1. Identify the single condition in (1) surrounded by 15 or more Cβ atoms within 10 Å (Cβ to Cβ); (2) among the aliphatic types (A, V, I, L, M); (3) within 20 Å of SER54 (Cβ to Cβ) that VAL124 does not satisfy, given that it satisfies every other one.
2. State yes or no: is THR84 under 13 Å from ILE141 (Cβ atoms) and without any contact (Cβ under 8 Å) to a residue 24 or more places away in the chain?
3. Would you check which residues across the stretch 93-115 are touching a helix residue (DSSP H, G or I) at 6+ places or on another chain (Cβ under 9 Å) and surrounded by fewer than 21 Cβ atoms within 10 Å (Cβ to Cβ) and list them?
4. What about GLU90, is it open to solvent by 30 Å² or more (accessible area, probe 1.4 Å), charged (D, E, K, R) and more than 19 Å from the chain's Cα centre (by Cα)?
5. For the stretch 45-79, give me each residue that is among the charged types (D, E, K, R) and either more than 20 Å from MET98 (Cβ to Cβ) or touching a Gly at 6+ places or on another chain (Cβ under 6 Å) (or both).
6. Do any residues in the stretch 113-129 that are at positive phi have Cβ atoms under 8 Å from those of residues that are open to solvent by 80 Å² or more (accessible area, probe 1.4 Å), where the two are at least six apart or on different chains, and which pairs are they?
7. Output the number of the condition that ILE58 fails; it satisfies all remaining conditions of (1) open to solvent by less than 50 Å² (accessible area, probe 1.4 Å); (2) touching a Ser or Thr at 6+ places or on another chain (Cβ under 9 Å); (3) closer than 16 Å to ASN93 by Cβ; (4) among the hydrophobic types (A, V, I, L, M, F, W, C).
8. Cβ-Cβ under 7 Å, sequence separation 6+ or interchain: first residue in the stretch 135-150 and among the polar types (S, T, N, Q), partner surrounded by 13 or more Cβ atoms within 10 Å (Cβ to Cβ) and outside any helix (DSSP H, G or I). Which pairs?
Amino acid sequence: MLKLVRKYKPVLRFLAIFIGSYLVFVSLYQLFLTYGASSRFFPDYITHNVAKQSQALITAFGYDMKVEPSTWEPAMNLTMNGKTLARVVEGCNAVSVMLLFVSFMLAFFGDVKRTLLFIFGGVVLLYGMNVLRIALLTIGIYEYPAYADVLHGTIFPAVIYGTVFLLWLGWINSYKKPVKDA
C-alpha cells in the first residue's frame with residue numbers, strides 16, 4: 001500500500017490540495033453569506049453587484065432594463081417592459097465557479113508571481129464573462145422566449161464552465177516542456 005502511495009504521491013497531493021482548498025473556500029463563502037447580509041446590498045454584496053452590472057450592460061446594448069430586489073426570495077429581478085425576465089440569485093454570481101478555478105490553480109501551483117497573476121486574471125475574466133452571460137441570457141429570453149430553457153440550462157452554463165476549462169488547459173499547456181531538436 002505504501003508503495004502505491006509513493007507512486008501516486010503527486011496525484012494524491014493534487015487531489016488533497018484541490019479538494020481541501022475548495023472545502024475551505026466554500027466554508028468561508030457560506031460564512032460570508034450567513035453573516036455578511038446587508039440591507040443595502042440585497043441579497044448579498046456580490047449577487048447585488050452582478051445584477052446591477054448586468055443591468056448596466058443590458059442598458060448599454062440599448063434595452064430599457066430595471067433591476068430590483070425580489071419581494072419573495074433572495075434574488076434581484078431583471079425586468080424589461082414590466083415583465084421579469086430573469087432572477088439573479090446567489091448561484092448566478094459565479095462565485096462557486098471562481099472558487100473551483102482557484103482551488104485547481106492552488107493544486108497546480110507554479111511560480112508564485114505567475115500563478116497569482118493567472119489566478120487574478122482568471123477570476124476577473126470569469127466575473128466579466130458571468131456579467132456578460134447574464135446580460136446576453138436576459139436579452140435572449142426577451143428576444144427568443146421559446147429558447148429560454150436551452151439558453152439557461154445548456155448554452156450559458158457551457159459558456160462559463162467552458163471558460164474555466166479553457167483557463168485550466170491554458171495553464172497546464174504553459175508547463176509543457178519544449179521539444180529539443182535532435
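The values are calculated or read from the model by the stated rules, or taken from the named source; none is laboratory data. None of the values given here were measured: they were computed from a predicted structure. Cβ atoms come from the backbone with ideal geometry, glycine included; neighbour counts cover every protein chain shown. Heads up: the accessible areas ignore ligands, DNA and RNA and are worked out on the full protein's heavy atoms, side chains in. Shrake-Rupley method; radii C 1.70, N 1.55, O 1.52, S 1.80 Å.
1. (1) is the only condition that VAL124 fails.
2. yes
3. SER96, VAL97, LEU99, LEU100, VAL102, SER103, LEU106, ALA107, PHE108, PHE109, GLY110, THR115, listed by residue number.
4. So GLU90 fails the test.
5. Residues satisfying the conditions are ASP64, LYS66, GLU68, GLU73.
6. none
7. Failed condition: (3).
8. Partner pairs satisfying both residue conditions: THR138/LEU78; THR138/LEU85; THR138/ALA86.
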